[in-house]
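Engineer: One structure follows; several queries about it will come next.
Since every read-out is calculated from the coordinates, none of them should be taken as a lab result. What you see is a predicted model, and the numbers here were worked out from it, not measured in a lab. Methodologically, a virtual Cβ is constructed for each residue, glycine included, from the backbone with ideal geometry; neighbour enumeration extends over all protein chains shown.
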Amino acid sequence: MGHLSNMKKCGPADEPMCETSEKGERLLSPNEILPTSLEIGQRILEIFGYQEIAKIVFRLRSNSREINAVVNGDSLPSAELLLGIQKLTGASIDWILTGNGNKFLASPQPEAPRQRQSRRARKRHPRSIQAKIH
């Protein structure tokens with residue numbers, strides 16, 4: 001997280017803008033974003049076991065331009081891409097973006113199987129009784 005330590009400090013919370021802020025100014029410079037982008041790309045490759053880009057693209061139902069740009073540090077992953085990676089692999093978005101915390105989310109509890117009504121239970125309440133109720 002050393003990349004974020006160079007952010008400008010602002011005054012009190014009620015101050016509308018920092019004195020040094022200008023419209024359109026970014027919190028991180030391109031020089032600060034590039035190393036972070038490369039690290040994110042490497043973590044994404046790690047999540048997929050360093051598979052070929054084409055396989056990652058196929059699994060994410062994405063396009064090679066987007067995945068290559070993220071892996072090469074040319075752009076940051078979109079929220080949609082991050083959510084897709086998380087859904088597909090169980091990877092923590094926080095870990096992908098920062099490298100902090102657990103690589104994978106805690107194992108989700110499997111959904112309880114929908115219970116089908118047994119024949120015996122259906123016989124206890126035959127349709128003829130249900131028809132009389134209505």
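Engineer: Can you tell me how much longer the chain between residue 106 and residue 52 gets when fully stretched, taken as 0.36 nm per residue apart minus their C-alpha distance, in nm with one decimal?
Structural biologist: Details: separation 54, 0.36 × 54 = 19.44 nm, distance 2.69 nm.
The span from residue 106 to residue 52 would gain 16.7 nm if fully extended.
Engineer: Moving on. Counting only Cα, what are the radius of gyration and maximum Cα-Cα distance Dmax of region 27-105, in Å?
Structural biologist: 11.7, 34
Engineer: For residue 23 and residue 93, what is the calculated FRET efficiency with R₀ set at 35 Å and r taken between the beta-carbons, to the nearest 0.05? Present the calculation step by step, with values, prior to reporting the outcome.
Structural biologist: Details: r = 30 Å, r/R0 = 0.85.
So the FRET efficiency works out to roughly 0.75.
Engineer: May I ask for the net charge around residue 89, where only other residues with Cβ less than 11 Å from the Cβ of residue 89 are counted and Lys, Arg are +1 while Asp, Glu are -1?
Structural biologist: Numbers: positive: 59, 87, 103; negative: 46.
Residues close to residue 89 contribute a combined charge of +2.
Engineer: Amide H to amide H, which residues 5 or more places from residue 104 or on other chains are under 5 Å from it, using H placed in the peptide plane?
Structural biologist: Result for residue 104 returns 92.
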